[in-house]
């Protein structure tokens, strides 16, 4: 003890260290054993799991070991913790130090345990008070100078702290706004290790930056991309509106440079604003993935546009450690797949479950992780490999190439796409003309249509028309006799499969919702037929 | 069953013709070399057996002559039976008379599909529909419409089962539940191109697939012009739907003209590369074809065009005025929703109208969201 300098002067073997408590083998602990316990959190997928950092200091050759299924970043923490403690003016005990991360079966990943390790070490060596450690959880990375740096997943950790019943959470000042979004947990935003020690010794709680700059969730963010900038493209605009209103997946087909990406980027702004619960959910996923939002909370619906070289794990989540994929990052927003036919088959196949179930379950070893994936899919593709089929320039593709292109597009994913629309280069006259509409106007209609769906589907698991299965369609979609006849005619004439029949009916329901009608009319069905995605049966005939 | 099949399969060919056919297949590689060197095999197939060996075989001459002497008829017939193919030789009464017009008529016709069906198909009036492999939606639509209309009128549609126009013509005939005859450049049991497997099976089941080469022979480049001469000879009239300036379909048309058969062509835009060949044919005096009726008139005279008012015609006549106007605009080249809506019509109305027309099968949606009026 006498070797401890600085702050160690004020401590003795005391109440802030647990002595003789944790000996599982039943032996009496040596008098020289000192032990501290700090609660922190590991991110498992996107879920927080409580982790207890136990630090044991005893007589012996000076070593510092970290056990408990820690990955490389956590083992490297030893060096960071040693330097941070010394550079903050504390003493690093020259004794045998063992840190255990419990529970031992959970794999611990990333640098978020640094601060907890350092605090445990300080408390075990009596350099700070251990009294408060059952009230505060600690989460953060340390720099060599002793400053606390933010880690991914702060929001998830704050939720974990609330769930674990911990009164407060100590995090880095940067991104502490995220943690402050969780009610019921006091958040202390600290700058460095000394700050943590001061806080635990009974100092004032440094509050996180006032959360006022968080934009109100209800107010849409300033639109960088409004529909008012769009000229021409009347049909695609209509399709975007329908997709937004009913949550339908959309395929845009058109030659290069016709504006497919530009149109897709404008879809998130047409969707209803995020509710607070949705925003927190989005922020939590983004926080785990290392995406931070200004002011803490996600204010706009996410728009994710992964490149077509993406791996299946990158698209739906996975990897080691399992991380959320683009499909989860697009949760409550839009997933845009440009050049759909260039994506690898496995990647597209992997998207089926997320689209169908709104979540993906990834099983790794003995753990099953759930990532939410409720997004609207917008895909874009050239009409043929050279890109100019059906445009003013001649297409140079042969029938075989076309067939291959269609095969790549068809199949399981296309079954989940309700709307197909062709994007053509707007004419010069249209380019010079006035804008057709603004995002605000469209959003108003979309909101009204969503409200109608909400009322109609109140007692069903579905939220939007796109989620109606055959049974719900039969129960909740009422169509006029003429509309039914037209649909039956399309079905009988062989151009439509049973699945296609349902898709047309779903889209027709949304079109009627947009027009404020309770019953689906003939025109709604005709529109839906004209916008339906092509089916493989039809393609076979055309070949 | 097996006995009955054995008795009909391979029964219609004599040893001389079978040996001749074997020889052509045996020399296929040599013919290919000669064809490549001279860019044409004209006259080769008209040579007598010995002359053919002498002209082509070179060093291998004696070896092939020995094989020729040792030819076993039964073995050749067995190979036919094994691939469910019937051989009909030119000495046989079942051999299509029209093929005799060829100076180098194939010695044996290998038929895949029921022989009596083939006989009926060859006895009926026959029209060949040929054209580009890389056809446009317009060309495909025309070929299909012609195939459908002519087959419905009781004619046999003859074509080469190639990609594009050929396959579309066969498809049209199958849609009308009519008879169609495919002439292949390889053995008749092989689906060539392979992507037309299903079409091959359907033609075998309802019509017949025939070829000059015995089962198992792969297609070589010279086989395609050789196949074209059979198409030209088999049909009373040859209709070219889309053809570029140097298209193989023009060879077929030329051969048909040489044989004294009727030649007709479907016109296209003068600016379209795939209409260069067909428009040139029309300029040279080929009959202009706007639909099945023109072909029937060409064959049987104006009075005999027995085609009743077409289904399309009736449908169009019963259309509401605005739908009729929309259909006219689609046919007039305004073929995308954007173009159709440019004239001031609301997109919604255009979409609804197009869906109505599609339901009545008056238009079809093609790649790039282009609508084509059906033929």
Legend entry - Share antiparallel - DSSP beta bridges, chain A, percent rounded to 5: 50
Legend entry - At 0.692 mPa s and 37 °C, Stokes D of chain B from Kirkwood alpha-carbon radius, µm² per second: 150
Inset, instruction - Using a Förster distance of 45 angstrom, determine the FRET efficiency expected from the C-beta separation of residue B:195 and residue B:123, and round it to 0.05. - result: 0.90
Legend entry - Convex hull of Cα atoms in segment B:184-310, direction-averaged projection (nm²): 9.3
Legend entry - Contact order relative to length of chain A, as percent, for alpha carbon pairs under 8 angstrom and 6 or more apart: 12
Inset, instruction - Determine the shielding of peptide A:518-527 by partner chains: average, over its residues, the number of Cβ atoms on other chains within 10 angstrom of each Cβ. - result: 3
Inset, instruction - First measure r as the distance between the Cβ atoms of residue A:488 and residue B:280, then evaluate 1/(1 + (r/R0)^6) with R0 = 45 Å and state the FRET efficiency to the nearest 0.05. - result: 0.40
Legend entry - Gyration tensor verdict on the protein assembly as shown (Cα atoms; rounded if a/c is under 1.5, prolate if a/b is larger than b/c, oblate otherwise): prolate
Legend entry - Helix axis angle, A:498-514 relative to chain A longest principal axis, alpha carbon, degrees: 80
Inset, instruction - Can you tell me the FRET efficiency between residue B:300 and residue A:261 if r is taken as the Cβ-Cβ distance and R0 is 51 Å, rounded to the nearest 0.05? - result: 0.35
Inset, instruction - Kindly give Rg over Rh for segment A:227-435, based on alpha-carbon atoms, with the Kirkwood expression for the hydrodynamic radius. - result: 0.99
Inset, instruction - Determine the distance separating the Cα centre of segment B:216-230 from the Cα centre of segment A:39-55; give it in Å without decimals. - result: 74
Legend entry - Scattering profile of segment B:311-373 at q = 0.11, 0.13, 0.24, 0.29 Å⁻¹ [log10 I(q)/I(0), Debye over alpha-carbon scatterers]: -0.20, -0.28, -1.00, -1.44
Legend entry - Value of relative contact order over segment A:6-200, rounded to a whole percent, pairs C-alpha under 8 Å and six or more apart: 23
Inset, instruction - Any chance you could check the Cα centroid distance between segment A:165-199 and segment B:173-215 for me, in angstrom? - result: 77
Legend entry - Label-to-label distance, nm, for residues given as residue B:38 and residue A:515 (7 Å Cα→Cβ offset): 7.0
Legend entry - Simple label model, 7 Å out from Cα along Cβ direction - residue A:65 to residue A:229, nm: 6.0
Legend entry - Cα-based helix-to-principal-axis angle, B:321-331 vs chain B, degrees rounded to 10: 40
Inset, instruction - Starting from the Kirkwood radius over alpha-carbon pairs of segment A:37-120, derive D by Stokes-Einstein at 20 °C in a medium of 1.002 mPa s and give it in µm² s⁻¹. - result: 166
Inset, instruction - Could you check the simple spin-label distance between residue B:93 and residue B:259, using points 7 Å along Cα→Cβ, in nm with one decimal? - result: 2.3
Inset, instruction - Mind telling me which of B:293, B:112, B:365 comes out most flexible in a GNM of chain B, alpha-carbon contacts under 10 Å? - result: B:365
Inset, instruction - Would you give the gap between the C-alpha center of segment B:241-294 and the C-alpha center of segment A:431-448, rounded to a whole Å? - result: 50
Inset, instruction - Grab the eigenvalues of the alpha-carbon gyration tensor for segment A:6-200, scale each by 5, take roots, and send me the semi-axes largest first in whole angstrom. - result: 25, 18, 16
Legend entry - Between 0 and 90°, nearest 10: helix A:481-492 axis offset from chain A longest Cα axis: 90
Inset, instruction - Starting from the Cα of residue A:145, move 7 Å in the Cα-to-Cβ direction to define the label point; list residues of segment A:87-101 whose amide nitrogen is under 13 Å from there. - result: A:87-88
Legend entry - Compactness index (Cα Rg / 2.2 N^0.38 Å), segment B:1-156: 1.25
Inset, instruction - Write down the percent of antiparallel bridges among all DSSP beta bridges whose residues are both part of chain B, to the nearest 5. - result: 35
Inset, instruction - Return a whole-number percent for the relative contact order of segment B:184-238, with Cα pairs under 8 Å and 6 or more residues apart as the contact set. - result: 47
Inset, instruction - Could you work out which residue, out of B:71, B:300, B:224, moves most in a Gaussian network model of chain B, that is, has the largest mean-square fluctuation with Cα springs under 10 Å? - result: B:300
Legend entry - Relative packing of B:12-18, B:92-98, which averages over residues the other C-beta atoms within 10 Å, highest first: B:12-18, B:92-98
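How big is D for chain A, in µm² s⁻¹ as a whole number, if Stokes-Einstein is applied with the Kirkwood radius of its Cα pairs at 20 °C and 1.002 mPa s?
Details: Rh = 26.3 Å.
Estimated via Stokes-Einstein, D reaches 81 µm²/s.
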Inset, instruction - Highest first, please rank the peptides B:159-169, A:313-323, A:377-387 by the mean number of other Cβ atoms sitting within 10 Å of their residues. - result: B:159-169, A:377-387, A:313-323
Inset, instruction - Would you mind calculating the gained length between residue A:441 and residue A:205 on full extension (0.36 nm times residue separation, minus the Cα-Cα distance), in nm to one decimal? - result: 80.3 nm
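Coordinate-derived values only; no laboratory data. Quick caveat: nothing in here was measured; it's all calculated off a predicted structure. Cβ coordinates were reconstructed from backbone atoms using ideal geometry, including for glycine residues, and neighbour counts include every protein chain displayed.
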